[in-house]
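Read through the structure below, which is laid out as structure tokens, and then see the notes.
The values are calculated or read from the model by the stated rules, or taken from the named source; none is laboratory data. Since we're looking at a predicted model, the values are computed, not measured. All Cβ positions, glycine included, derive from the backbone under ideal geometry; neighbour counts span all protein chains shown. The accessibility values were calculated without ligands, DNA or RNA, using every heavy atom of the protein model including side chains. Shrake-Rupley method; radii C 1.70, N 1.55, O 1.52, S 1.80 Å.
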Amino acid sequence: MFSHIPRIVFLQFNFNRYWDSRAAMGKLIEVCRTFISTAVVGCQACEAPYLQNTNLVAHVHKEEAKIELVRQFARWTCVFPIATRNFLRPESRVEFEACCNVSMVCNKRRKGGDKYIMGISPDLGDLISFEEATELQNSPFQPIFVLNKLRSLAWDASESAGASSCKQALLYRQLNQQIDTLTGAWGAMERINLTPLPFVYVAHLRTFLMLYLSFWHLSAIALNGWVCIPPLMIASWGLLGIEAAAVECERPFHWNKNHLALGKMGVVVAKNVHQTLLNCGYAPA
């Protein structure tokens, strides 16, 4: 009986990692929802077209400046979960395609002549320009690239906000704190993904389990005969299943069916962003 305790502890430890991953994924969605709401409401108070990082023509109309700033916030907020997913998951989908018979996420985009760039996710769609998508894809840490864009937009929104400098500072502080929380949610998932259990622990536990089952089967058959094989097989299936489940939960960001559906982050955030834009009059019904 006591020999089963290490395996149960192993399962519980990895299940906690899986739960922490789900919690970080939920936190990312929650903060994106709060961030876009704060940003859009803050942009509605903008009075000046001081938008140095949104490629606007100088002296554009105030309403056009507001709309462009809101669009930039909405676009990069939707891109962040996609960038996080791309960072956490491995580039190869060979095993996943063999199991599910689906095509590659990566596609080709033409940029003059016969030049092609591989690996730009089609779920980016028209959120950002081709040049921005290429720059994002070439970034070793895609979430940092998006976070820098969001911080730049937060500064633009605070500089463009009307009223007193105190309110400008308050808007920037609130947006920046939410971006910091997004960074923490991504960092929590990164920590879990990059720190698996030590190989020596897993190998030792697996070797011990196989030896334990082998000697258990031999002694049980010697004492009770061949009639004990069916219950032994069921018990072995249960113990091996505990070990397999623990390994499956250790890093739940890959393409396996039991891992987290990271693509849902982008879908949920996009729906939340659309709802906010719709309520504030920036999107058609």
Exercise for the section: Would you calculate the separation in nanometres between label points at THR207 and ASP20, each defined as 7 Å from the Cα along the Cα-to-beta-carbon direction? Expected result: 2.7 nm
Practice task
If a/c stays under 1.5 just call it rounded; otherwise compare a/b with b/c (prolate if a/b is bigger, oblate if not). Do that for the range 134-220, with a ≥ b ≥ c from the square roots of the Cα gyration tensor eigenvalues.
Solution key: prolate
Exercise for the section: Subtract the Cα-Cα distance of ALA169 and ALA245 from 0.36 nm times their separation in residues, and report this length gain in nm to one decimal. Expected result: 22.5 nm
Exercise for the section: Pull out the extension gain between VAL41 and GLU64, defined as 0.36 nm times the separation in residues minus the alpha carbon to alpha carbon distance; nm, one decimal. Expected result: 6.7 nm
Completion exercise
With a Förster distance of 51 angstrom and the Cβ-Cβ distance between ILE234 and GLN275, calculated FRET efficiency to the nearest 0.05 equals 0.55
Fill in the blank from the handout: For TRP19, the accessible surface traced by a 1.4 Å probe with all protein chains present amounts, in square angstrom to the nearest 10, to 130 Å²
Practice task
Please sort 32-43, 219-230 by packing, taking for each peptide the average over its residues of neighbouring beta carbons within 10 angstrom, highest first.
Solution key: 32-43, 219-230
